[in-house]
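Below is one structure, written out as structure tokens; the observations come after it.
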Amino acid sequence: ANIIANTRTNGGEIGLVGYVCDQWQISLGYGHQSAHIVSAENFGAVGKAVPSVPKDTFSFWNRYDITPMFGVGAGVVHNAKFFAALDNAVIVPGYTRVDGAVFFNPGKNFFGFGEELSAQVNIENILGATYYTAAHNNNNIMPGAPRSAYVTINAKY
């Protein structure tokens, strides 16, 4: 059954980005939120946590440029546990995922590609963690992607 409800979310988010040295960039992010039902058609829902909202999220990313043309990156993504549905009966466990990347930026006029060519390979879930990213109700919980690789090529001309 669909329940019409009003929610309230309190919390905050902070992000920091900076350079350890000219070649090494780090990015750090943290979010904390508390989301609850404040009024609903079903009065039993009032006060319950909003489903699919983790209280804490965290991300940490490093990028290191080995040369001006070649760089590597690695990072961690963490989401805390959350409830699968409005009744708060099923908890979807939190997870931590490790990701990586390789960057290639040869610059201007590489093999005749006008102004600039760049490419990168991103690998998500390097360690093959089993995790769940979303829930549509207490028995329809969506798994996260297994180890996955994405290739991106950009050409400006």
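The values are calculated or read from the model by the stated rules, or taken from the named source; none is laboratory data. None of these values were measured; they are calculated from a predicted model. As a convention, Cβ positions derive from the backbone with ideal geometry for all residues, glycine included, and neighbour counts pool all protein chains shown. What goes into the accessible areas is simple: the full protein's heavy atoms, side chains included, and nothing from ligands, DNA or RNA. Shrake-Rupley method; radii C 1.70, N 1.55, O 1.52, S 1.80 Å.
Within the range 87-98, residues that are farther than 15 Å from Tyr132 by Cα reach partners that are assigned to a strand (DSSP E or B) with beta carbons closer than 6 Å, at six or more positions or on different chains, in the pairs Asn88/Ala49. Of the residues in the range 59-77, at least one is of a type outside the set (Val, Ile, Thr) and in contact with a His (Cβ under 9 Å, 6 or more places away or on another chain). Looking across the range 130-157, the residues that are hydroxyl-bearing (Ser, Thr, Tyr), surrounded by fewer than 12 Cβ atoms within 10 Å (Cβ to Cβ) and touching a Phe, Trp or Tyr at 6+ places or on another chain (Cβ under 9 Å) come down to Thr130, Tyr157. Scan the range 104-134 for residues that are modelled with pLDDT of 95 or more and either touching a Ser or Thr at 6+ places or on another chain (Cβ under 6 Å) or under 14 Å from Gly73 (Cβ atoms) (or both) and the total you get is 6.
Going through the range 4-37 one residue at a time, which ones are under 15 Å from the mean Cα position of the chain (by Cα), open to solvent by less than 40 Å² (accessible area, probe 1.4 Å) and under 25 Å from Leu86 (Cα atoms)? Once the filter is applied, which keeps residues that are under 15 Å from the mean Cα position of the chain (by Cα), open to solvent by less than 40 Å² (accessible area, probe 1.4 Å) and under 25 Å from Leu86 (Cα atoms), the range 4-37 yields only Gly31.
Looking at the structure I just gave you, is Pro106 touching a residue at least 12 places away in the same chain (Cβ under 8 Å) and either aromatic (Phe, Trp, Tyr) or farther than 25 Å from Gly128 by Cβ (or both)? So Pro106 fits the description; yes.
A single entry from Val53, Val77 fulfils the requirement of being open to solvent by less than 60 Å² (accessible area, probe 1.4 Å), touching a residue at least 12 places away in the same chain (Cβ under 8 Å) and not in a strand (DSSP E or B): Val53. Against the list (1) farther than 30 Å from Gln120 by Cβ; (2) touching a residue at least 12 places away in the same chain (Cβ under 8 Å); (3) exposed (fewer than 15 other Cβ atoms within 10 Å of the Cβ), the condition Val72 fails is (1).
For residues that are open to solvent by 60 Å² or more (accessible area, probe 1.4 Å), free of Cβ contacts under 8 Å to residues at least 24 places away in the same chain and under 16 Å from the mean Cα position of the chain (by Cα), tally how many sit in the range 112-129. Of the residues in that region, 0 qualify. When every residue of the range 89-109 is checked against the conditions, at least one turns out to be surrounded by fewer than 16 Cβ atoms within 10 Å (Cβ to Cβ) and basic (Lys, Arg).
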